[in-house]
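Below is one structure, written out as structure tokens; the observations come after it.
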Amino acid sequence: MARVARLIVVAVGAAAAAVVGWVLFVEAPADLADLLGVLLAVGVTLFGVRLAARVAAAKFPEYNAAEVAVEGPITRDGGRRGPLARAVGASADEIVDQIEAADEDPHAEALLLKLNTPGGQVVPSDDIRRAAAAFDGPTIAYATDVCASGGYWIASGCDELWARDATLVGSIGVIGSSVNVSELADRLGVSYERFAAGKYKDAGLALKEISDDERAYLQGIIDDFYEDFVERVAEGRGMDPAVVRDTEARVYLGENALELGLVDELGTREDARARVEELVGTDVTVREFEPSRGPLARLRGASQSVAYAFGAGVAGRFAPDDGFDFRF
């Protein structure tokens, strides 16, 4: 029905533009060359067709569901380095913008969220999760290759999570790390002179040995991050927190993840789309909401996500200027 309506709008617009062009540039100005008049009439007709097509697309869209993809490591800016560099991962700001644009689109009744990510930075991952949770309509996440850490964090904000048999799912854990080169520095004659305000400002700095109380302090931060992660997953997925903790940050293949309750169903994108049709009660046509990005950046982001897959212990990274690195 919508397709027929769009065709009618375009046809009427084209006919009206053709009539206006003919009258203005062929019939009225008798002193103009016929050829020039015809060309101008054709130009006005083409402009009218384009304008009518835009009006028809706005009034009678071809879609009633939106799809947004989260692919590659999640950062605030997608991993750009400098003003001319291209993003190689998932830009949280861009993804949030796309989800919000879909939410504001009156024609998008549901959201499909494609997840193929090993995780990424904490707050950007949570921004995406919040945007998905705030979408006014059914939100179905479907995972392709990897849905780990920050990716799973995002999935916990959706109504359902679908995965493939061979999808890697999970990695609900936290890791903290710091490269310690204090002995090497001693051998090279490099000394560490401390100029800091606050006992723990340089905790975990690579050039000095970590003390027992610094180790306890940093481990406490990791434990707090982990508890927050577990609670969010348990709440979003409707799971017992003890079951989430029992995963011990493992990744699972889709079938095992289904048995544990980490995913709702196994299936492809089309299966997830069919589930959306059940939820909205009508046939679904999907429009992909995505930022403008070149094919090279997409290829690099996909290859990087595969490289990160088995090392995914990350929902995010917190890297203060003391050299210690926290990862979910």
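A few comments on the model shown:
- For the residues 322, 283, the requirement of being modelled with pLDDT under 95, at negative phi and touching a Leu at 6+ places or on another chain (Cβ under 6 Å) singles out 322.
- Residue match in segment 83-105 (condition: farther than 19 Å from residue 279 by Cα, surrounded by fewer than 19 Cβ atoms within 10 Å (Cβ to Cβ) and among the basic types (Lys, Arg)): yes
- Qualifying residue in segment 175-197 (condition: touching a residue at least 60 places away in the same chain (Cβ under 8 Å), β-branched (Val, Ile, Thr) and either part of a helix (DSSP H, G or I) or under 27 Å from residue 99 (Cβ atoms) (or both)): no
- Residue within segment 203-220 that is in the same structural domain as residue 155 (by TED's automatic domain parsing), within 30 Å of residue 264 (Cβ to Cβ) and touching a residue at least 40 places away in the same chain (Cβ under 8 Å) present: no
- Screening 257, 249, 242 for residues that are out of contact with any strand residue (DSSP E or B) (no Cβ under 9 Å at 6 or more places or on another chain) and either of a type outside the set (D, E, K, R) or at positive phi (or both) leaves exactly one candidate, 242.
- Residue 201 fulfils the conditions (1) assigned to a loop (DSSP other than H, G, I, E, B); (2) closer than 16 Å to residue 171 by Cα except for a single criterion, (2).
- Contact map, segment 94-108: first residue assigned by TED's automatic domain parsing to the domain that holds residue 127 and β-branched (Val, Ile, Thr), second residue buried (at least 23 other Cβ atoms within 10 Å of the Cβ) and assigned to a helix (DSSP H, G or I), Cβ cut-off under 8 Å, separation 6 or more or different chains; pairs are 95/128; 95/131; 96/128; 96/131; 99/128; 99/131; 99/132.
The values are calculated or read from the model by the stated rules, or taken from the named source; none is laboratory data. In this text, all values refer to a predicted model and were calculated from it rather than measured experimentally. Here Cβ is always computed from backbone atoms with ideal geometry, including for glycine, and neighbour counts include all displayed protein chains.
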